[in-house]
Structure formats: structure tokens, C-alpha cells
Amino acid sequence: MNLNQRLSKNFTLNEFLRSSTAERDEAIAKEQFNPPEHVVANLAYLCGTTLQPIRDVIGAPLRITSGYRCPSLNEKIGGSKYSQHMQGQAADVQLPDRFLRHPASRRIREKIRQRVQAITGRPLREDINANFWLFAYVCLRIDHLDIDQVIHEFGAGYGQPAWVHIAASAGDRDKRQILTLGRYLPQRKETPDLVTALNYGTRDEAAAVA
């Protein structure tokens, strides 16, 4: 199998297979780095319909921290037995911090900022991280991308996710779910509506949480 094959213009198969856990376990590695054809097809769908369009607009590289997980890897790391990662239908994604400063990203940042304030009536905080900008953009475009789930996952608190989980599939499963996972949540899990999700990055939300 060619691990360098392109799934879309800016994404290769290898990015979605990398795992330090698998590299340390020969049995897991054999399974992880030889994904079934349907998994590769699902990853191509995820990239072509969702991640690549996001990448094109954001204009900055998206780092895949976790893509496909073979069943043995998923079990090893304690993943959900229903995880879309095992089908190649999900990726945990980070946006580099240079997005916050790069002149080329100023226009899209301003568009996101304006849309968030128009919807919530509140300005974005100055301390939100790059991953929240990604989360906010996906939430704003959730009706236009074939997204099953977008999740604001862990991190330091509201507006500072450690990564953004993005799932997409060609099936008939529930679409356009927005979730939040983190120890800073009262129940460690929330299913916010769009306004609440965007308010994670506003100044008033930060004051309310403090």
C-alpha cells in the first residue's frame, strides 16, 4: 500500500495512519498501517467533502493528531467502541498558532469574528486559541459541509480546545451534531446549540464561567 497516496490536494493517507502507540507495538502496527480499502475510501470522502474545503478557506495547514484507528489501537488507547475513527470517518485536527498572527489569515479571521458577533451579539475574547477559530468556522459552516460531528475537545477551557474532532460520512447517520468534551464542563459533556457553541469564545461567556 502506498502510504503517500493523496486523499485530496493537501492530505495524504500517511497523515491519518500515524500513531506512536502503534509504532511501539508490532501487532498493532501491522493492522494500523494496512487499512482496509473501505477505510481508505472513507478517509478520501472525509478529506474531499470536509477537510479540504475547510483547509482551502482557512488557508493554513491542518494537523491531523488522530485519524484512522484500527480496532486494536482504539482498544489500546481506550477509545469508544462506536468511534468513527475506526471506520476512517473522523479526525482530530489542530490549527497552528501562526494562524492567529499571519497576515494571510487576517481576512478569514475577520469574517469569523463578524459572523460570531452578528449571531451572538458578543465579541470574541482575545485569548481564544487557533483551534477555537477552527471550531467556530466549522460550526458556522455546518449546514454547508457534510459533517456528522464537530467536537470542542478538552484543552484549558471554553474557547481553548486541545483539538477539534471532525467526522463526516456518506451514510444516513445523524448529521450536524455539535458537542463539547472537557473536565471544565459540569457533566464533562455538552451538546450545545450553535449560539452556545460560539459563545464559548466570547468575553461574556468567559465571565460567566469564571
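What follows draws every value from the coordinates through simple rules; no lab data is involved. All figures in this text were calculated on a predicted structure; none of them were measured in a lab. All Cβ positions, glycine included, derive from the backbone under ideal geometry; neighbour counts span all protein chains shown.
Under 20 Å from the Cα of LYS175, which lysines turn up, not counting those fewer than eight places away in the same chain?
Result set, ordered by chain and number: LYS81, LYS189.
Given the peptides 42-55, 10-23, 118-131, 101-114, arrange them by the average over their residues of other C-beta atoms within 10 Å, most packed first. Present the calculation step by step, with values, prior to reporting the outcome.
Numbers: 42-55: 21.3, 10-23: 18.4, 118-131: 16.4, 101-114: 13.1.
Top to bottom by mean Cβ count within 10 Å: 42-55, 10-23, 118-131, 101-114.
For the chain, what number results from the quotient of the Cα radius of gyration and 2.2 N^0.38 Å?
Values: Rg = 17.1 Å, N = 210, 2.2 N^0.38 = 16.8 Å.
So the chain has a normalised radius of gyration of 1.02.
If we count every other residue with Cβ under 12 angstrom of HIS144's Cβ, Lys/Arg +1 and Asp/Glu -1, where does the sum land? Show your work: numbers first, answer last.
On the way: positive: ARG141, LYS175, ARG176; negative: ASP143, ASP146.
Neighbourhood net charge equals +1.
How many nm is it between the label spots at GLU110 and HIS38, if each spot is 7 Å from the Cα in line with the beta carbon?
Inter-label distance under the simple model: 4.8 nm.
How large is the convex hull of the C-alpha atoms of the range 37-111 per residue, in Å³?
100 Å³
Assign unit charges at the C-beta atoms only (+1 for Lys and Arg, -1 for Asp and Glu), then state the dipole size of the range 51-174 relative to its Cα centre in Debye, rounded to the nearest 20. Spell out each step's value before the answer.
Values: 17 positive and 13 negative charges, 104 e Å.
So the dipole magnitude of the range 51-174 works out to roughly 500 debye.
Just the Cα atoms of the range 101-177: what Rg and Dmax do they give in Å?
Rg and Dmax of the range 101-177, Cα atoms, are 13.3, 40 Å.
Using only helices, what value at 222 nm comes out for the chain when you add -39,500 (n - 2.57) per DSSP H run of length 4 or more and divide by the total residues, to the nearest 500 deg cm²/dmol?
On the way: 10 runs with 78 residues, N = 210.
My calculation for the chain gives -10000 deg cm²/dmol from helical runs alone.
Give me the dipole magnitude in Debye, nearest 20, for the chain about the Cα centre, with unit charges on the beta carbon: positive for Lys and Arg, negative for Asp and Glu. Provide the component values of the computation, followed by the final result.
Working: 28 positive and 23 negative charges, 130 e Å.
Dipole of the chain, to the nearest 20 debye: 620 debye.
Who wins for biggest fluctuation among VAL138, VAL195, VAL40 in a Gaussian network model of the chain, springs between alpha carbons below 10 Å?
Highest fluctuation of the listed residues: VAL195.
Hey, if you put +1 on the Cβ of every Lys and Arg and -1 on every Asp and Glu Cβ in the chain, which of ILE108, ALA156, ILE58 ends up farthest toward the positive end of that dipole?
ILE108
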